[in-house]
Structure formats: structure tokens, C-alpha cells
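The next block holds one structure in the form of C-alpha cells; read it before the comments.
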Amino acid sequence: MRATTAAWIVVAWTAAAQAADPPAIGEVLEHSQQQRLDAFHVAPDGPRAAAVRASFERLRGVAAPGVQVELRVITGETIAETLQGHVIVAHERLADLPEGQRTFVLAHELGHVVREHWAAMGGVYRRWVPGEVTPERTDPVAGALGRDASALAHRQEFEADAWALEMLGRMGFASEDAVGAFLSLGMQPDTATHPATRKRVAALRALIAERAAAR
């Protein structure tokens, strides 16, 4: 559930700014996402990959049956990530988690798709870089763009967590599976793209308590 998209955007942005025919920011973002997607290694067929796919199909059938989304089960360091707004990559070791925790992680990523977070992020970039990507256009706005993009990314993480929590309840899993997923995967600090784990867990616990009080 931790993305490194920002680093790939910087690489693609730099290359684009040096190109003879500079592209628009949308092309740069799409290229950066494709580069990252191409770098993943698909997990071999086996019981772990099958378990992740089965959990995802159950989730999709309940939460988003009409949404266009693709799941790729991978190996490597990334646990789960959403790219290009519709491709979810998920590590095969999610199969080792209890079903409810695994479903929360997958639901979080599906939440990014359903809420169209990638399109919203693209809108931020296009507002700051409306034309071709050149150093003359990007250098003066890089700081402000970075702040806006980071703030939106954090809001989107909280929103995807809340959506995933709602899906857990709809599917009959315990709310504490959401917190358990974070504890199983380990604590992480604040980054440009993600709030610290402790903040996300605190927000989830507040939502759980609020929903319990409303019942």
C-alpha cells in the first residue's frame, strides 16, 4: 500500500524536459506509470497467487462489479499499488495474511480505482503545468506542485482506507482486520505520497468508533 510513483515521475519529467519535442504533462505521467508497471515481476502461478486473485474477485464482485480494473500478482518489494488508474499490482505474499486483512489491502487499492484518484492527481499536475514539459515551465512551479500533489496524495490514502473499511463491513469481515493489515505489514513514516501508518491507523480507529456509536 506504499507507492513510489513520485520518484518515477521525476525521472520521466527530467527526460521529457530534455527531449527535442517536449510532451505534455499527461504524457509524462502516463510514461512514468508505464515504466513502473513494466519493472514489476509477475508472480508464478501457484497457490499464493491464486489466493490473492480469488480474494480480489470476491471483493470486486461485491464492491465494484462494473468497474474496469486489472489485477497483477507480483513478486519483489512492493506490497500493493495502483497504476494508470486501473491496474492494481499486489504481492503474492498477501496470501499469507488472514482473509480479512488481505481483503482490506486489496480494497484499499480498488478504492483508488473507484474514486478515480489518478485522474484527480493528473488534474493537479495539469493545473501547474498546462503546456509542454520544459525546464522553463516546470522549475518555477516545482515546489508548489510538489506540495499540492503531496497534500492530495495524503487525502486520497485516507479516503481509500475509509472506502476499504466500508467494504470489509459489507463483506462480513471484522473492522479490526483493517488495523490488523497495517500491523501485519509494518509501521511506516510519513512520505510525500503516504501519511505515516500511525496516522492512518488512528483515522481508522476513529471511523470504527464512530460507526459503532451510530449503531
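Taking region 170-201 as the range and being open to solvent by less than 60 Å² (accessible area, probe 1.4 Å) and out of contact with any helix residue (DSSP H, G or I) (no Cβ under 8 Å at 6 or more places or on another chain) as the test, the residues that pass are THR191, ALA196. You will find that of ALA149, ALA181, ALA164, the residue that is under 21 Å from VAL114 (Cβ atoms) and in contact with a His (Cβ under 7 Å, 6 or more places away or on another chain) is ALA164 and no other.
In the set ALA120, ALA144, ALA149, ALA107, only one residue is open to solvent by less than 60 Å² (accessible area, probe 1.4 Å) and over 28 Å from PRO23 (Cα atoms); that residue is ALA107.
Among residues of region 201-215 that are in a loop (DSSP other than H, G, I, E, B), none has a beta-carbon under 6 Å from a residue that is among the small types (Gly, Ala, Ser) at least six positions away or on a different chain. A search for C-beta distances below 9 Å between a residue of region 102-117 that is without any contact (Cβ under 8 Å) to a residue 40 or more places away in the chain and any residue that is outside any helix (DSSP H, G or I) and surrounded by fewer than 24 Cβ atoms within 10 Å (Cβ to Cβ), counting only pairs 6+ apart in sequence or on different chains, returns GLU116/GLY85.
Residue under question is GLU166, and the condition is that it be open to solvent by 30 Å² or more (accessible area, probe 1.4 Å), among the acidic types (Asp, Glu), at pLDDT 95 or above and under 15 Å from the mean Cα position of the chain (by Cα); does it hold? No.
Selection of region 90-112 for residues being in contact with a Gly (Cβ under 9 Å, 6 or more places away or on another chain) and closer than 18 Å to GLY61 by Cα yields GLY100, GLN101, PHE104, HIS112. Return the residues of region 123-141 that are surrounded by 14 or more Cβ atoms within 10 Å (Cβ to Cβ) and under 23 Å from PRO195 (Cβ atoms); say none if nothing qualifies. Result: VAL124, TYR125, TRP128. Which of the residues that make up region 31-66 are open to solvent by less than 40 Å² (accessible area, probe 1.4 Å), touching a helix residue (DSSP H, G or I) at 6+ places or on another chain (Cβ under 8 Å) and not basic (Lys, Arg)? Passing the criteria: SER32, GLN33, ALA43, GLY46, ALA49, ALA51, VAL52, SER55, PHE56, LEU59, ALA63, ALA64. For region 60-73, name all the residues that are over 15 Å from the mean Cα position of the chain (by Cα) and either closer than 23 Å to PHE40 by Cα or basic (Lys, Arg) (or both). Correct list: ARG60, GLN68.
The values are calculated or read from the model by the stated rules, or taken from the named source; none is laboratory data. Not measured: the values here are computed from a predicted model. Here Cβ is always computed from backbone atoms with ideal geometry, including for glycine, and neighbour counts include all displayed protein chains. Ligands, DNA and RNA are stripped out before the accessible areas are found, and what is left, the full protein with its side chains, is counted by its heavy atoms. Shrake-Rupley method; radii C 1.70, N 1.55, O 1.52, S 1.80 Å.
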